[in-house]
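The values are calculated or read from the model by the stated rules, or taken from the named source; none is laboratory data. Values in this document were obtained by computation on a predicted structure and should not be read as measured data. Here the Cβ positions follow ideal geometry from the backbone for every residue, glycine too, while neighbour counts run over all protein chains shown.
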Amino acid sequence: MGVSVPSGRPPRRKRYPGKNPRAFADRYKELQPEKYQADVEKVLASGKTPAGTHRPILVAEVLECLRPLPGEVAADCTLGGGGHARAILERIQPGGKLIGLDVDPIELPRTEAALRSAGFGPDTFVAKRTNFAGLSQALAGEGLSSADMILADLGVSSMQLDNPVRGFTYKEPGPLDMRMNPTKGESAADLLRRIDEAELAGILTENADEPQAAFIAHVLKSQPITTTHLLERLVRTRLMDLPGARLPDVKMSVRRTMQALRIAVNDEFTALDALLRALPSCLSAGGRVAILTFHSGEDRRVKKAFQAGLREGVYSDVARRVIQSTMEETRANRRASAAKLRWANKANP
C-alpha cells in the first residue's frame with residue numbers, strides 16, 4: 001500500500017456549496033462581506049438575511065418615535081447587532097451618549113467592536129453585558145439617573161437564529177439550548193427534562209397561546225429530547241396524525257412551541273415586566289421610549305403598561321395602535337413581518 005507524500009502545496013479551501021449553503025459553517029462568503037460583497041448583495045436582494053448578520057427592523061419608525069437630538073442620552077436595552085444603536089448614535093452627536101445592554105456574551109463583543117470601528121469611542125458609546133431588567137443599575141454605573149430615550153427590541157437576533165449551535169431554530173440540526181447567555185442557567189433540553197407535563201402545558205399556553213398545548217406537552221414528555229430537529233419532527237408528525245390536521249397550522253404550532261420554550265429558558269416575561277416597571281424612573285422628563293415586540297404576549301404587556309402609565313399621568317401620550325413594517329420592508333426582510341412597535345412619551349412635571 002502506497003504512502004501519500006505531501007505535495008508542498010497548501011490544502012485546498014473548502015468549496016462554497018452554492019449561493020445559499022445549507023450548513024452554517026459553510027457560509028464563509030456571507031461571514032466575510034468585505035471580500036464577498038456581491039454574494040451578500042444577492043442574498044439581500046432575495047429578501048433573506050445573510051448568515052451571521054442582523055438587519056435592524058423599523059429603523060425609520062423607531063427614529064421617528066424617539067426623535068434623537070445632539071447631546072442627548074440614549075439607552076438601547078437590547079443591543080443585538082447594533083443597527084438601531086448606530087442610527088441613534090449618529091443623530092445624538094455631538095455630545096450625545098448611548099448605553100447599550102445585551103446579555104449575550106458571544107455577540108456583545110462583536111457588536112462593540114463594530115461600533116468602535118465606526119468611530120464611536122468610550123465617551124460616546126458604552127456596552128454593558130446585562131439583562132435589560134438591569135437598566136437602572138446600568139445607568140447608575142455611568143453616573144446617570146435617567147435617559148432621554150430608551151429602546152428595547154425584544155426579538156432574537158439573526159446571529160443567534162442563524163447559528164445552529166445556539167439552538168434557537170430547527171432549520172439546522174443543533175442542540176436544544178436557546179439560552180441568550182449560554183454560560184448561565186439551564187438549556188431548553190434541561191428544562192424539558194425537569195418539569196412535568198402539566199407545567200409544560202402551562203408554559204406553552206402562557207408563553208405562546210398554543211391551542212394544542214396539552215397534547216404537545218404530552219408528546220414532548222414521551223421521550224428525552226436533546227436536539228432541535230428531534231423536537232420539530234416529534235411535534236410535527238404527532239400533530240399531523242390528528243384528525244383534520246393542516247400543515248400550515250402544524251408548522252405554526254411548532255414555531256409557537258420553540259418560542260414558548262425560549263421565553264421560559266430566558267425568563268423573558270419576568271425581565272420585560274421589570275423593564276416596564278423601571279421605565280418611568282429611567283426616563284427623563286419629556287423622554288421617549290420605543291419597544292419592538294414579536295408576539296402577542298409581549299405586545300399585551302407593553303400595551304397595558306403604557307396605557308396604565310397614561311391613566312396615571314406618568315406618560316403624556318402613548319401609541320394608540322401598533323406600528324408595523326411596510327410592505328417594502330417586509331419583502332426585503334421577511335423577519336420584519338412579525339414586528340410590532342409601540343411608543344410612549346413621559347410627561348413633564
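Annotations
- When residues of the stretch 309-324 are limited to those that are among the small types (Gly, Ala, Ser) and in contact with a strand residue (DSSP E or B) (Cβ under 9 Å, 6 or more places away or on another chain), the one surrounded by the fewest Cβ atoms within 10 Å (Cβ to Cβ): 316
- Helices (runs of 4 or more DSSP H) (entirely within the stretch 194-278) containing at least 2 residues that are among the charged types (D, E, K, R): 197-208, 228-240, 247-266
- Filtered residues of the stretch 82-126 (kept if touching a residue at least 40 places away in the same chain (Cβ under 8 Å), under 24 Å from residue 270 (Cβ atoms) and crowded, with 21+ Cβ neighbours inside 10 Å): 84, 99, 103, 104, 107
- Counting only residues that are more than 23 Å from residue 269 (Cβ to Cβ), over 24 Å from the mean Cα position of the chain (by Cα) and among the basic types (Lys, Arg), the stretch 299-349 holds 2 of them.
- Residue selected from the stretch 235-255 under the condition touching a residue at least 12 places away in the same chain (Cβ under 8 Å) and out of contact with any Leu (no Cβ under 7 Å at 6 or more places or on another chain), by the criterion surrounded by the fewest Cβ atoms within 10 Å (Cβ to Cβ): 242
- Here residue 329 meets each of (1) over 20 Å from residue 179 (Cα atoms); (2) at pLDDT 95 or above; (3) not hydrophobic (A, V, I, L, M, F, W, C) with one exception, condition (2).
- Reported count of residues in the stretch 157-172, each being part of a loop (DSSP other than H, G, I, E, B) and either in contact with a Lys or Arg (Cβ under 7 Å, 6 or more places away or on another chain) or within 17 Å of residue 223 (Cβ to Cβ) (or both), is 2.
- Residue identified as closer than 14 Å to residue 266 by Cβ and of a type in the set (Asp, Glu) among 162, 148, 153, 190: 190
- Selection of the stretch 209-234 for residues being exposed (fewer than 15 other Cβ atoms within 10 Å of the Cβ) and either under 13 Å from residue 192 (Cα atoms) or of a type in the set (S, T, N, Q) (or both) yields 218, 222, 223, 224.
- Any hit, the stretch 102-111, residues being of a type outside the set (Ser, Thr, Tyr), modelled with pLDDT of 95 or more and at negative phi: no
- Any hit, the stretch 160-173, residues being crowded, with 18+ Cβ neighbours inside 10 Å, in contact with a helix residue (DSSP H, G or I) (Cβ under 8 Å, 6 or more places away or on another chain) and at pLDDT 90 or above: no
- Residue 129 falls short on exactly one of the conditions (1) crowded, with 21+ Cβ neighbours inside 10 Å; (2) more than 14 Å from the chain's Cα centre (by Cα); (3) of a type outside the set (Ser, Thr, Tyr), and that condition is (1).
- Among the residues making up the stretch 187-208, a single one is exposed (fewer than 15 other Cβ atoms within 10 Å of the Cβ) and either small (Gly, Ala, Ser) or in contact (Cβ under 8 Å) with a residue 40 or more places away in the chain (or both): 198.
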